[in-house]
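The structure under discussion appears below in the form of C-alpha cells.
Readers should treat all values here as calculations from the given coordinates under stated rules, not as data from a laboratory. Remember, predicted model here, so these are calculated numbers, not experimental data. Don't worry about glycine lacking a Cβ; one is built from the backbone with ideal geometry, like all the others, and counts go over all protein chains shown.
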Amino acid sequence: MDIASDTTNVVTETHQVDEPQNEIIGYGGISQVYKPHTNITCFARSFVIKRYLTGSAKTEFDILKSLNHPGIVKVFELINTREYSMEEGFHIRDHLTESELLDVLNDIIPAIKYIHSRGILHMDIRSGNILKFNNSGAHYKLIDFSLAHSSRDMSKCINSWHMYPEEFNADPHNIGPAVDIWMLGMFCLDSTYPIWMCDVKDSHFYTTINKHIALIRSEKLRSLMYGFLSRDPTKRLKY
C-alpha cells in the first residue's frame, strides 16, 4: 500500500516539474509546437513536438510520413493521438530581401511541385509555414499540412489565410493546384510589401499588386510573381 502511494507521488511530481519547462516556440489556431525539456535526439537530430489542441494529429502525420522530399519537413514518431515529433527548424522573417525570397522559392517551388504530383494540395502556404534549416539538403522547407487536401476531393475545402479568386466559384471542383501557386504569390507579396487581408473582390486589388510587382528590381522575381498571381488559375505559372 505504501509502495503504491509512493509511486503515485513520484509520477505527480515529475509531471509538475517537467511540463512547465517545455518551451513553446510556435502556435496556431488548433495546435502549438514546443521544444521538450530533454537532451534526447531523434535520428541524430534535434526535434520539436507538434501538439494538437483539438482534433487528431494522425491525419497530418500520415500525410507527412508518406512524403519524401528535401523541401518538406521530416516527421519521426506519432507520440499519441494529438502529438508527433518532427525535425527542428527556424522561423523566417516576415520581411525578406529579394535575394532571400528567391532562395526560399528555389527550395519551396520543387516541394510544391512534388506534393501536387502526389495529389496533395497544401492550402496554407505562408511565411509561418516555411522554416529555415541549416543542416539539410534544402535550406527551406514546407511545414504544417493540417489543412492539406487531396486534389481529387475538394468538396470540403477550408478557407485559408489568404482568399483566392477560385474561392468565389460555387463549384469546388474548379479548385486545384493553382490555389497553392496563388498562395505562394501572396507569400511573396507579403514578404516584400505586406498587404494584410486583401480583398480579392476589390476592383482595385489587381491594380495595387501589379503596381507593387512592377517595383521589384529582380527580373526573375518580378516574372515569378506575375505568374503566381494571375487572376485566371489556368494562366498561373506551372512551376
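Given labels modelled 7 Å from the Cα in the Cβ direction, how far is it in nm from Tyr206 to Glu23?
Placing both labels 7 Å beyond Cα along the Cβ direction yields 4.7 nm.
Calculate, in nm to one decimal, what Ser150 and Lys58 gain on full extension: separation in residues at 0.36 nm each, minus their alpha carbon distance.
Between Ser150 and Lys58, full extension yields 31.5 nm more.
How much length, in nm to one decimal, is gained on full extension between Asn106 and Lys65, taken as 0.36 nm per residue of separation minus their Cα-Cα distance?
Extending this stretch completely gives an extra 12.5 nm.
Modelled label-to-label distance, Asn80 and Gln32, 7 Å Cα→beta-carbon offset: nm?
Taking the simple label geometry, Asn80 and Gln32 are separated by 1.5 nm.
For an R0 of 25 angstrom, estimate the FRET efficiency from the Cβ-Cβ distance between Lys238 and Ala214 and round to the nearest 0.05.
That gives a FRET efficiency of 0.65.
Kindly identify the range 72-122 as rounded, prolate or oblate by the Cα gyration tensor criterion: order the square roots of the eigenvalues as a ≥ b ≥ c, call it rounded if a/c is under 1.5, otherwise compare a/b with b/c, prolate if a/b is larger, else oblate.
oblate
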